[in-house]
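Report on the following structure.
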Amino acid sequence: MALGVPEQVILEDYLLSNEYLVPKYAPILAEHPSLSPLFCLDASYLEAGLDQIRTDYGTVENYLTQELAVDISLLRELFLYPVN
């Protein structure tokens, strides 16, 4: 979000992790199905975290700068190409 990625894209990418993590941990999950929440991602997990951040800080950007001391301008400078 600090780089301007839409929340829906972030959520979709987050959930793609299931395609890579679940098969990797399938043997563990087969033996211990109760551990599924530790290895399987659900949209509600990310949404709950973002909701709490917005409750506590108003915006994700405020959280990043106030709580984590992230320099968002520097992040954008380092990771984004200038748009002409």
Exercise. So which helices (runs of 4 or more DSSP H) stay within the chain end to end and still have 3 or more residues that are open to solvent by 80 Å² or more (accessible area, probe 1.4 Å)?
Worked result: 7-24, 26-31, 43-57, 72-79
Exercise. What are the pairs, 6+ residues apart or on separate chains, where a residue within the stretch 59-84 that is within 15 Å of Val5 (Cα to Cα) has its Cβ under 6 Å from a residue that is small (Gly, Ala, Ser) and part of a loop (DSSP other than H, G, I, E, B)?
Worked result: Leu64/Ala2; Ile72/Ala2; Leu75/Ala2
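The values are calculated or read from the model by the stated rules, or taken from the named source; none is laboratory data. Please read all numbers here as calculations on a predicted model, not as lab measurements. Glycine gets a Cβ as well: all are built from the backbone with ideal geometry, and neighbour counts include every protein chain shown. The area values use the complete protein model at the heavy-atom level, side chains included, leaving out ligands, DNA and RNA. Shrake-Rupley method; radii C 1.70, N 1.55, O 1.52, S 1.80 Å.
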